[in-house]
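Data block below; observations after.
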Amino acid sequence: MERTKATGSGASHELMANNMCATSFEGTEIARRKAWGGRDDLRVEYDTASPSSMCNIGQHDLEPILRPPASATGRASGSAPNCSN
């Protein structure tokens, strides 16, 4: 269930297929390269090596998803910054 919540909240693989360098968010693009299995010749390798599809999710979004089940098992202790208890 946590995997479904995380992949539903994160950016899909298609949105992570390129790494781009720019002068700012709206600035001139300096360089772009395929990443995270974005190259056509590596996509199958990435897909078969993992039991689920990749996604990119920020820690501030992932911690609230993982904390309840971790707390239920006694594996979470203390309070993490930016994480609601």
- [ ] Would you please list the contacts, defined by Cβ atoms under 9 Å and residues six or more apart or on different chains, that run from a residue in the stretch 13-30 that is without any contact (Cβ under 8 Å) to a residue 60 or more places away in the chain to a residue that is basic (K, R) and part of a loop (DSSP other than H, G, I, E, B)?
- [x] A17/R39
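Residues are listed down the side, and each one gets a yes or a no for (1) out of contact with any Pro (no Cβ under 7 Å at 6 or more places or on another chain); (2) within 27 Å of H60 (Cβ to Cβ); (3) open to solvent by less than 60 Å² (accessible area, probe 1.4 Å); (4) at pLDDT below 90:
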site: M1; (1), (2), (3), (4): yes, yes, no, yes
site: S9; (1), (2), (3), (4): yes, yes, no, yes
site: S12; (1), (2), (3), (4): yes, yes, yes, yes
site: L15; (1), (2), (3), (4): yes, yes, no, yes
site: M20; (1), (2), (3), (4): yes, yes, no, yes
site: T23; (1), (2), (3), (4): yes, yes, no, no
site: I30; (1), (2), (3), (4): yes, no, no, no
site: D40; (1), (2), (3), (4): yes, no, no, yes
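Name the residue that is nearest to L15 (Cα to Cα), counting only residues in the stretch 47-75 that are of a type in the set (S, T, Y) and open to solvent by less than 90 Å² (accessible area, probe 1.4 Å).
Residue satisfying both the conditions and the ranking: S53.
The values are calculated or read from the model by the stated rules, or taken from the named source; none is laboratory data. Keep in mind that what you see is a predicted model, and the values were worked out from it rather than measured. All Cβ positions, even for glycine, are placed from backbone atoms using ideal geometry, and neighbour counts span all protein chains on display. Keep in mind that these areas ignore ligands, DNA and RNA; they rest on the heavy atoms of the full protein, side chains included. Shrake-Rupley method; radii C 1.70, N 1.55, O 1.52, S 1.80 Å.
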